[in-house]
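Q: Got a structure for you, questions after.
The values are calculated or read from the model by the stated rules, or taken from the named source; none is laboratory data. Fair warning: this is a prediction, and the values are worked out from it, not measured in the lab. Positions of Cβ are generated from backbone atoms using ideal geometry, with glycine treated the same way; all protein chains shown enter the neighbour counts.
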Amino acid sequence: MIFRETKLKGCFIIEPKVFSDSRGYFMESFNKETFNFGIGESVDFVQDNQSFSFRGVIRGLHYQRGNHAQAKLLRVLSGRVLDVAVDLRKGSSSFGEYVSIELTGENKKQLYIPRGFAHGFAVLSKTAEFFYKCDNYYNKESEGGILYNDNTLNINWELPLSEHLISEKDLVLPKFKEAKL
C-alpha cells in the first residue's frame, strides 16, 4: 500500500496494490500492521459501516465530539463519490480547512481521517456503495455537524445545485462558526 499524507496533518490517501489478470483482481484492502506503520500510529477499528446512495446525495458534514470522536478509514465499493474531510482540531495549523478526493470502485483509493475531523461525501455516479471503518462506537449524544454548504468552508461538491439531495437533518445543521466542536 502507498500512504500519502494530505495537506491536513494525519489525514492520508491510501492506494492499495491491486493484482489484476484475466480473471479479475485481488487486493488487500486492510492490514492492521501495514496500516498502523503507514500512518505512523496505532488505530484499532471497532465498527464497520456501509451505505448506498443515489446521484446527488450529499451526506454530512458529520463528526463525533470528545471521548466519542472517531477516526475513519473510508472507501467506495461501487460508483464514485467526492469524499471530504474538514479539520476541526482547534490547535491545528489547518483548522477549518478541508481536503477532498474522488473515491471510486475503480481507483480503489481510501481516505483515512483521524479523530477531530468532520466528514461528508457527495455521490457523483448514478449510485454508490460506501464503506468505512471507525475506531470508536457511535454515540448519539456526542454527534455534531456542520451545514454542507457553509460559506466559510466553501466546499466545491462538484455537483450542480439543482442535483443536491440533502436529508432534512443535514439541512438544519449549524454553520461552521456556530458549530459545537
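Q: Restricting to region 4-48, what's the tally of residues that are closer than 17 Å to THR104 by Cα and in contact (Cβ under 8 Å) with a residue 12 or more places away in the chain?
A: Total satisfying the criteria: 11.
Q: All but one of (1) charged (D, E, K, R); (2) touching a Gly at 6+ places or on another chain (Cβ under 8 Å); (3) within 23 Å of GLU97 (Cα to Cα) hold for GLU129; which doesn't?
A: Condition not satisfied by GLU129: (3).
Q: Restricting to region 137-159, name every residue that is out of contact with any His (no Cβ under 6 Å at 6 or more places or on another chain) and more than 22 Å from GLU97 (Cα to Cα).
A: Within region 137-159, TYR137, TYR138, LYS140, GLU141 meet the criteria.
Q: Right, something else. One residue is enough: does region 134-141 have a residue meeting the conditions hydroxyl-bearing (Ser, Thr, Tyr), in contact (Cβ under 8 Å) with a residue 60 or more places away in the chain and not in a loop (DSSP other than H, G, I, E, B)?
A: No.
Q: Oh, and also: Which of the residues spanning region 142-181 are at pLDDT 95 or above, of a type in the set (Asp, Glu) and part of a helix (DSSP H, G or I)?
A: Of everything in region 142-181, those that are at pLDDT 95 or above, of a type in the set (Asp, Glu) and part of a helix (DSSP H, G or I) turn out to be GLU163, GLU168, ASP170.
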